[in-house]
Structures are given as structure tokens and as C-alpha cells.
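Engineer: After the C-alpha cells below, expect a handful of questions from me.
The values are calculated or read from the model by the stated rules, or taken from the named source; none is laboratory data. As the structure is a computational prediction, the values presented were derived from the model and not from experiment. Please note: Cβ atoms are built from the backbone with ideal geometry, for glycine as well, and neighbour counts cover all protein chains shown.
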Ligand code: SAH
Ligand code: SF4
Ligand code: F3S
């Protein structure tokens, strides 16, 4: 469905607010929780706000508009929202700032009910399917002084050409698909982000070309299940234009690899069950595709994986890793793991440790299972006591940290290609960048090296970064 007119309509609201805001030097503050998809959404919200005449401030106390883009993938996100709302109440009282909350958590009725009941000072609430309509919602709140609640529970649509203000001028995120159809039993995302839909190849390629001409060196393709890009469209015979030969994730990687100026391509997250040979071959063939692949494991035990509805077994995961290691030179892997899924026994948890031992990941993102209202996992009987979950988490963490330390040693003495991102936050005199495998490297060098890929000799390793020397 063509949504061009809907986006055009919103441009009018942007202009109207811009007129109202003229010469007022208004400021906005934005807080983003959650994944890179949410961060990319926030960049779009920032794009809209800057067109309306707001400028960004990191200090909510001096903001005329406070925006919160929420996540609900785990419980601690909720604590953070309600803590933050207490703080924003004071900003509202002192400055009369507009308070707007959007994102995934707003798709949960029990949350919006609680906001309306306990935090009545919130002016605008909007969800994941109505982000494009934020200008209209804000206009109504500003001019009509009425509270706006704009949430739709639909499959969702794709909106192109929204304004965007990117966080970096070196690395950019490009969302290639929205939603998720996998329904892993622990996960809330399919309920709050709707069904899987892919952007048109032309829209993605044109966006990346524009980024390349804007001087961007690295792009990250985003989606909840990137390696099923265009699958739903093909299954349901939804028409799309095969632009530059793109009709799958593998062909998308190949097309982007040809774009001059772009030097690094990353993507998150692929699903192991959809890791077909054409994708593996494309990664191996495309020189710009980074050889660090994020391959979410979640659990190393076949029974738990089945309960999680992940649709692969321990052996299938390990075989896939083996195949990838054989076909992709210099491959490194990162992963996501959940401990304490309902019913997980100590022995089953040992399988997760076993896979970690075998694969030797470059990085592991570890999570304690968190019950999410509305998911099948929440209704499962054998919830694991917090104490056991924490014990397992600590055990996994100790193993992962010892592996990272061992792995870091291997870098010392090697020459690594590093994309220089800027000055180090902790030390003004040092520069910081990342290797192909996404390791942070800090080193002494001239600022003229920023936004270049250079060879660095690694001279020492520290848990979360490496030290390099530029010669
Ligand atoms: N689509 C991506 C990731 C989405 S959420 C994928 O399939 O890999 C990011 C990570 O959060 C997941 O990989 C999972 O490890 C974790 N996660 C999701 N739901 C969770 C829950 N209820 N409790 C704990 N961790 C969870
Ligand atoms: Fe959640 Fe699974 Fe979809 Fe990832 S693939 S977003 S974990 S349901
Ligand atoms: Fe969170 Fe939504 Fe991303 S729930 S992890 S922000 S898709």
C-alpha cells in the first residue's frame, strides 16, 4: 500500500508547528531505550523535531519537549520508564514542557492504562505503527491542548521518506524490514511491532547510495529477522520491484556491496533457521560485509529451544556454525543467550555452556529470562526462581568473560583494519575505532584519521577494548 500521501500530510503539520515555534528557540530532549531499530526510529523522530524548529538538549530540565522512546523486551525497561516519568513530572511542573512517550511499550494496554491513571501529565502517547503521525499528534496537543493517545493494533505499514537526523556521520543504520512473524515464546516483539514486512529494494538501495554520497563509511542493516528479507512478500505474492537484481537478503548484500563509498556492511539480527547457503556465500564473496556475524543462540538445549519455538536444535546450530566457519574466512560470531527460561533444568543449562565452549563467541549478550504479559512463556507453569536464574547467569558470565580474555590475547601483535570513529570519550588525547569484528580499539593519532579505515598494530588487550599503535 502506498503511504506517500500519509507522509505528505504529516509534512503540513511539521510546517505548522515550525511556524508556531519560530524565534522561540525551543529545545527537545529524547531518551531512547531498546534495540537499534528503536534508535533508528528515534533518529526519525529527531528529524521531525528539528524540522519543526526544536534543537536537541541532553538536559531534560531545560527542554520544552521531552520525548521517551520505549522498549518492553525485558522487565527492567518498565522500571526505567516509571522512574523516568517521576523525573519528568517535575520538568512538567517547572517548565510546562510537553511530555511525549512512544515506542514498543505503548503497544501494551496495561502500560498505557497505568500511564493514564498514575501519570496524567503525559501529553502524547503514540505506538510503533503511528510514529509517522507524531507531527499531527504533537500539533493537536500543542494547539488544541488536548491529550493525544494514538495507538493502533494493526499489522503495520512501511513509511518512506520520513525526515531523519542521524546520530553519527560515519556509521548509519538502515532498517530493511519491520515486525516479526516468528513468535518465539518468550518474546513480546511480534505483539508490539506487528507482522513482518520488508521495504522495497529500491528504497533501501537509494538510501544507502545517499548515505555513501554523504560520506558514511559503515552501514548496519536492521530487522528482527533480516535473513528472511522479502520472504513474506514472496510467499504472499505481494508485489515488489526487483531493483538491481534484489529479491532476497543475499542479493541485497551483493547489491549494497557494489555501492562506492560504503566500506563496511553489518546486519542484525539474522535467525539461524533462515541462514541459507546463498546468504553464507554472499557473506564470503562480499569484501565489505564484516565477518563478525551475530547468530542468536538463546539456548544450547534442544528441548528448551523447542519450548522457545526457535525451530532449530543444538546440533543444527552447531552444524550451521561449522559450515559458516568453513565457508567464511576469518569468521567471528556473537550471540544472544537467555538463562532461566521456564522449565530449564540445570542439565539443560549445561548444554548452553557446552555450546559457548564449543563455538567460542567473540561477544555474548546475556539475558535473564523475563516474563512478558501476553506471551506463551508467561503462562508456562515451571517458572524458574530468581535465585536460580541469577546463579546460572553468573556461571555463564564467568565462562564468557574468561573466553573473551583468552580471545583478546589473540589480537595482541596483529595488524587490524580499524574504522576510526572519533575521540575517545574517556581520554580526549586518544582516538577510538572498531575492528571488523566490532572490537573497540583506542590509540594515539591525529584527528585527520577520523572516518578512515587504517591499519593499527594491537599492543595490549583489556576486557572491553584493545590498545593500538598507529605507525
Ligand atoms: N529478533 C532478534 C532479537 C530481538 S530481542 C532475534 O531473534 O535475535 C533481543 C534479545 O533479547 C533476544 O535475542 C533475546 O535474547 C532477548 N530477549 C527477548 N525476550 C526476552 C525475555 N522475555 N527475557 C529475556 N530476554 C529476552
Ligand atoms: Fe523475538 Fe524471536 Fe522475533 Fe527475535 S525472532 S524478535 S526473539 S520473536
Ligand atoms: Fe525493545 Fe521494541 Fe526493540 S521491544 S528490543 S525496542 S523492537
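Engineer: Select from the range 205-248 the residues that are part of a helix (DSSP H, G or I) and either touching a helix residue (DSSP H, G or I) at 6+ places or on another chain (Cβ under 7 Å) or within 16 Å of ligand 1 (Cβ to nearest atom) (or both) and list them in ascending order. First the steps, then the outcome.
Structural biologist: Here is the first cut: in the range 205-248, the ones part of a helix (DSSP H, G or I) are 205-213, 226-228, 231-235, 243-245.
Selection gives 205, 208, 226, 227, 228, 231, 232, 243, 244, 245.
Engineer: For residue 105, only one of the following conditions fails: (1) within 16 Å of ligand 1 (Cβ to nearest atom); (2) modelled with pLDDT under 90. What is its number?
Structural biologist: (2)
Engineer: Is there a residue in the range 264-283 that is free of Cβ contacts under 8 Å to residues at least 60 places away in the same chain, within 19 Å of residue 40 (Cβ to Cβ) and away from ligand 1 (no atom under 16 Å from the Cβ)?
Structural biologist: Scanning the range 264-283 turns up at least one residue that is free of Cβ contacts under 8 Å to residues at least 60 places away in the same chain, within 19 Å of residue 40 (Cβ to Cβ) and away from ligand 1 (no atom under 16 Å from the Cβ).
Engineer: Report yes if some residue within the range 112-126 is in a helix (DSSP H, G or I), surrounded by fewer than 19 Cβ atoms within 10 Å (Cβ to Cβ), within 16 Å of ligand 3 (Cβ to nearest atom) and not assigned by TED's automatic domain parsing to the domain that holds residue 380; otherwise report no. First the steps, then the outcome.
Structural biologist: Of the residues in the range 112-126, the ones in a helix (DSSP H, G or I) are 112-118.
Add one more test, that the residue is surrounded by fewer than 19 Cβ atoms within 10 Å (Cβ to Cβ), and what stays is 112-114, 116-118.
Then keep just the ones that are within 16 Å of ligand 3 (Cβ to nearest atom); that gives 112.
After this cut, where a residue has to be not assigned by TED's automatic domain parsing to the domain that holds residue 380 as well, the list is 112.
Checking the range 112-126: at least one residue is in a helix (DSSP H, G or I), surrounded by fewer than 19 Cβ atoms within 10 Å (Cβ to Cβ), within 16 Å of ligand 3 (Cβ to nearest atom) and not assigned by TED's automatic domain parsing to the domain that holds residue 380.
Engineer: Pairs only if they're at least six apart or on different chains, beta carbon under 9 angstrom, first in the range 206-225 and farther than 16 Å from residue 260 by Cα and touching a residue at least 12 places away in the same chain (Cβ under 8 Å), second away from ligand 3 (no atom under 16 Å from the Cβ) and part of a loop (DSSP other than H, G, I, E, B); list them, first residue then second.
Structural biologist: Short answer, once both residue conditions are applied: 221/229; 223/229.
Engineer: Is there any pair with a first residue in the range 21-46 that is touching a residue at least 24 places away in the same chain (Cβ under 8 Å) and at positive phi and a second that is surrounded by fewer than 21 Cβ atoms within 10 Å (Cβ to Cβ) and in a helix (DSSP H, G or I) whose Cβ atoms are under 8 Å apart and which are 6 or more apart or on different chains, and what are they?
Structural biologist: Close Cβ pairs satisfying both conditions: 34/77.
Engineer: In addition: Kindly indicate whether any position in the range 95-102 is under 19 Å from residue 29 (Cα atoms), modelled with pLDDT under 90 and surrounded by fewer than 20 Cβ atoms within 10 Å (Cβ to Cβ). Don't jump to the end; show me each part of the working.
Structural biologist: Looking only at the range 95-102, we keep the residues that are under 19 Å from residue 29 (Cα atoms), and these are 95-102.
Retained after the next criterion (residues that are modelled with pLDDT under 90): 95.
Then drop every residue that is not surrounded by fewer than 20 Cβ atoms within 10 Å (Cβ to Cβ), which leaves 95.
The answer is yes; a qualifying residue exists.
Engineer: Another one. So, in the range 162-179, how many residues would count as being near ligand 3 (Cβ under 10 Å from one of its atoms) and farther than 28 Å from residue 9 by Cβ?
Structural biologist: In the first step, residues of the range 162-179 are kept if they are near ligand 3 (Cβ under 10 Å from one of its atoms); the result is 178-179.
Filter once more, so that each one left must be farther than 28 Å from residue 9 by Cβ: none.
Final tally of qualifying residues: 0.
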